[in-house]
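Participant: Provided herewith is a single structure, encoded as structure tokens, for subsequent inquiry.
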Amino acid sequence: MLLRCALVLLLCASPVRAADLPPSTDHRLATILGLAQEIAATDGRSEQPYRVRIYAIPDAIEECAGSVASCPDVRLFVSVSSGDLGETPSLYVLPPRKGWTFLHWEPPQTQRDGAPVTIFRVRTALPEANIDAAARAGWKPETFRIMVGTSGGSWNVIASGGTRVPQH
């Protein structure tokens, strides 16, 4: 019995060769995955017709240097899927801004062709630190209304600086 325990301990203490795991050389993908912040997602209890995940992803790890223009751009990525096996989700990317805040989901709607769409609103935002008070005071947020489905989407600015933008 003692010999058997000693043999087990000896086998457990044997060095195990680990395989090397080099870092990826895809720096763009590393930036996206490393900096992605999920700001909203539908869940199983949602009335939305699709599984939607919304990510704010900065273009770089940088700080602002006083002016709004010095802050890194942040892109809004929207992934949409019906949840079917084998499906490739649709991906939408909004024009870059300095930051994004999710506001709310709207009730789902149906397009003229009968396809459902998920609708939500987001607002542009500024980083908390390193922006001059005058630059911050002069900056005006925009509110976007976004409609997405698995085969297409659209967006429009519905308010800028607290003022509603006329819709055509």
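Throughout, read-outs are computed from the coordinates displayed, never taken from laboratory work. All of these numbers come straight from a predicted model, not from anything done at the bench. Quick reminder, even Gly has a Cβ in these numbers, built from the backbone with ideal geometry, and neighbours come from all protein chains shown.
Participant: Compute the signed sum of charges (Lys and Arg +1, Asp and Glu -1) over the other residues within less than 11 Å, Cβ to Cβ, of G99.
Facilitator: That sum, taken over residues with Cβ under 11 Å, equals +2.
Participant: Around P89, under 13 Å between beta carbons, what's the net of Lys plus Arg minus Asp minus Glu among the other residues?
Facilitator: Once all neighbours under 13 Å are counted, the net charge is 0.
Participant: Could I ask something else about it? Give the calculated FRET efficiency between R28 and R123 to the nearest 0.05, with a Förster radius of 35 Å applied to their Cβ-Cβ distance.
Facilitator: Calculated transfer efficiency: 0.85.
Participant: What residues have an amide H closer than 5 Å to that of A40, excluding those fewer than 5 places away on the same chain, when H is modeled at 1.01 Å from N in the peptide plane?
Facilitator: Close amide H contacts, sequence-distant or interchain: I54.
Participant: Quick check on the exposure proxy: order R28, R97, R53, R45 from fewest to most C-beta atoms within 10 angstrom.
Facilitator: If I rank by nearby Cβ atoms, fewest first, I get R45, R28, R53, R97.
Participant: Right, another one. What is the Å³ per residue value for the convex hull set by the Cα atoms of segment 59-168?
Facilitator: So the per-residue Cα hull volume is 126 Å³.
Participant: Given points 7 Å out from each Cα along the Cα-Cβ axis, report the A18 to A41 separation in nanometres with one decimal.
Facilitator: 2.8
Participant: How much net charge surrounds V148 when only other residues with a Cβ under 13 Å from its Cβ are counted (Lys, Arg +1; Asp, Glu -1)?
Facilitator: Net of charged neighbours comes to +3.
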